[in-house]
Structures are given as C-alpha cells and as structure tokens.
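Student: Can you read through this structure? Questions will come right after.
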Amino acid sequence: MKVRYLIMLLSFLFVTDSVLAKSPAPEQVDGAVTISTSRAKALMNQGVTFIDVRRIADYQSSHIQWAVHLDLELDLTEESLAAVVKKHQPVVFYCNGDMCQRSAIASEKAVAWGWTQVFYYRGGFPDWVKAGLLVE
C-alpha cells in the first residue's frame, strides 16, 4: 500500500514538473515586481538576496553569483525562506527564464507568506548569462 502511494506521489511530481517546465511563465505576479536584467543587476549591487528556485543539478552546474538555492519543490517553505531573508527585506526569485514557472510560483508564495519586497526576475538565469554577468 505504501509503495502504491509513493509511486502515485512520484508520478504527480514528475507530471507537475513537466508542466511547469513547458508552460510560459506569467508576465507578472500579484504583489511582486517583475524586473529586467538591468534592474536585477542593480538589486544585486545593493546586496539584495537572490533565491535560485531551480533543481539542485541546475544550481550546482552554475548559478547567479551569491544566489542562495531553495528548490521550489523540495526546499522552499516559509521557514526556509525566513532563515535566509526577513519578511521586510527585499528578495529576488529566479529560475530558468520565461519558460520556467518556478520563480513565479516562489514569488506568489513569498507574497502570500507576508514578504513585502518581492522581485520576480522572469528572464532569470538565461538572461543573466546572456548579459555577461557574474555566475558561479
């Protein structure tokens, strides 16, 4: 019985992740500010925390310099986010660009949890790299 539920859960996660990866990300997220690469760079220069919500393999391969990794599906909770950035502090969420919904979903969650300065970087990692900005 437990194996059946585990298989159902894994199937659900696989289908959910496939759908998230192939659907265009929304242009805007209610309660968050959608930002361009130049605005993201300016926020980075101000010391704003960047949260990478991609899979661990993507993060380990390369990520925006100084970004903190909180996988949307495995790690992002109100508690884990609060351990990184306080609710009154600005925070930028990013993922794999305009065909990745993870940063939009993370931004929605942060707003719902009470974060007041949420920045949604829709272009994400691909746009950052295309601009020639620092990655690790």
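The values are calculated or read from the model by the stated rules, or taken from the named source; none is laboratory data. Remember, predicted model here, so these are calculated numbers, not experimental data. So basically every Cβ, Gly included, is an ideal-geometry build from the backbone, and we count neighbours across all protein chains shown.
Student: Would you confirm, using the coordinates I've provided, whether D127 is modelled with pLDDT under 95 and either in a strand (DSSP E or B) or of a type in the set (D, E, K, R) (or both)?
Tutor: Answer is no for this residue.
Student: A follow-up question, please. Counting only residues that are in contact (Cβ under 8 Å) with a residue 40 or more places away in the chain and surrounded by 19 or more Cβ atoms within 10 Å (Cβ to Cβ), which one in the range 54-66 is nearest to the chain's Cα centre (by Cα)?
Tutor: R54
Student: Something else: When residues of the range 34-62 are filtered for being more than 13 Å from G123 (Cα to Cα) and among the β-branched types (V, I, T), how many remain?
Tutor: Of the residues in that region, 5 qualify.
Student: Can you name the residue in the range 59-89 that is polar (S, T, N, Q) and in a loop (DSSP other than H, G, I, E, B) and, of all such residues, is farthest from M44 (Cα to Cα)?
Tutor: If we take residues in the range 59-89 being polar (S, T, N, Q) and in a loop (DSSP other than H, G, I, E, B), then T77 is farthest from M44 (Cα to Cα).
Student: A further question on this structure: Which residue is surrounded by the fewest Cβ atoms within 10 Å (Cβ to Cβ), if the candidates are limited to the range 26-53 and must be touching an Asp or Glu at 6+ places or on another chain (Cβ under 7 Å) and part of a loop (DSSP other than H, G, I, E, B)?
Tutor: Residue satisfying both the conditions and the ranking: V29.
Student: Now, a different point. Please enumerate the residues belonging to the range 66-83 that are closer than 15 Å to K109 by Cα and among the hydrophobic types (A, V, I, L, M, F, W, C).
Tutor: L70, L72, L74, L76, L81, A82
Student: Filter the range 91-121 for residues that are outside any strand (DSSP E or B) and touching a Pro at 6+ places or on another chain (Cβ under 8 Å); which is surrounded by the most Cβ atoms within 10 Å (Cβ to Cβ)?
Tutor: A104
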